[in-house]
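Before any comments, here is the structure.
Here, each number is a calculation from the coordinates, and none is a lab measurement. From a predicted model like this one, the values you see are computed outputs, not experimental measurements. Cβ placement follows ideal geometry from the backbone for every residue including glycine, while neighbour counts extend to all protein chains displayed.
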Amino acid sequence: MNFALFSAHWFRGMLASVALLCCCAGSASADLDFSKAIVIGSGPKKVVEFTDPDCPFCRKAAQYFERRSDVTQYIFLYPLPRHLKAREKSRFILSQENKARAFHEVMSGRLDRQQFFDSTPAGDKLLEEQLDIARKNRVSATPTFMFFGRVIEGFNQKKIEEALGR
């Protein structure tokens, strides 16, 4: 890769990071601790997602983002009380060494028939920290996406593509 092309990619990546930070500077997203997120992907476009492992629209979003190599996702789990196994699945995901792989496994539905999900004290603590982040950002629905100064509640592919570009 020549220097000019590298510089252009670097500059775009920095712009995306600045845009993500700007999106996080508003009152609705002032308390995002990215060290607590599950990070998936390495694309230049940054997306913050609050998601529930048993939410059908969250699962559609997971499938959609699996096909997007131009995105880096920062995922915070937000299990809704009406999804009876979602909290247990969230603890399981956050207890795994490879959280991204566990996230994909759970979101694919392959573990839906599993009766029990092991967790660790560290995974339990991380879930509580992620829930606190969601509360501080006034998240009340899943999925909720934040990017480029914009918040989108629900999986609306058209709005997401408008915000990210195809």
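At a glance:
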read-out: Given Lys36/Lys158; Lys125/Lys159; Lys89/Lys125; Lys36/Lys159; Lys60/Lys136; Lys45/Lys159, the pairs whose alpha carbons are separated by over 24 Å; value: Lys36/Lys158; Lys125/Lys159; Lys36/Lys159; Lys60/Lys136
read-out: Pair Phe57, Ala122: separation of 7 Å Cα→Cβ label points (nm); value: 3.4
